[in-house]
Amino acid sequence: MSEPDVFGALANPTRREVLRLLREHGEQPVQALAARFDMRRPSLSEHLRVLRDAGLVMERPVGRQRLYALRAEPLREVADWLTPYERFWRARLAGLRDVLDGMPDD
């Protein structure tokens, strides 16, 4: 079995929005999620499948419904990967601030 593609799953804005909705509103049935998007339910189901395959959401059947919940653990990989870049940009922006602070006010 291959490594889950967390980065690939996060590349799509619809999937990022699904994760935001689950983070802010908790576990939700697919119907409630689908109501937030201007797309057919099968299209949203495909996005949910990608998120599930990447380990970013859990799917739980309850009767005839499927409930989805956020699994934030795989996002640690993303945060770990981004940390050096964040430090890089903070240093660059601090340098820019120093240059701008040293310029005369006109």
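Looking across the range 5-29, just one residue is among the hydrophobic types (A, V, I, L, M, F, W, C) and outside any helix (DSSP H, G or I), and that is ALA11. Across the range 35-56, which residue is farthest from ARG20 (Cα to Cα) among those that are of a type in the set (Lys, Arg) and touching an Asp or Glu at 6+ places or on another chain (Cβ under 8 Å)? Among them, the one singled out is ARG52.
Within the range 30-65, the set of residues being surrounded by 16 or more Cβ atoms within 10 Å (Cβ to Cβ), not in a helix (DSSP H, G or I) and not aliphatic (A, V, I, L, M) comprises just one member, GLY55.
Of the candidates ARG15, ARG49, the single residue that is under 30 Å from LEU82 (Cα atoms), within 13 Å of the chain's Cα centre (by Cα) and basic (Lys, Arg) is ARG15. Of all residue pairs spaced 6 or more apart or on separate chains, those with beta-carbon atoms under 7 Å, a first member in the range 60-71 that is under 16 Å from LEU22 (Cα atoms) and a second member that is among the polar types (S, T, N, Q) are LEU67/GLN28; TYR68/GLN28. Hey, does the range 85-95 have a residue that's in a loop (DSSP other than H, G, I, E, B) and surrounded by 10 or more Cβ atoms within 10 Å (Cβ to Cβ)? Looking through the range 85-95, none of the residues is in a loop (DSSP other than H, G, I, E, B) and surrounded by 10 or more Cβ atoms within 10 Å (Cβ to Cβ).
Laboratory data are not the source of any read-out in this text; all were calculated from the coordinates shown. A quick note: this is a predicted structure, and the numbers were derived from the prediction, not measured. FYI the Cβ positions are ideal-geometry reconstructions off the backbone, even for glycines, and counts take in every protein chain you see.
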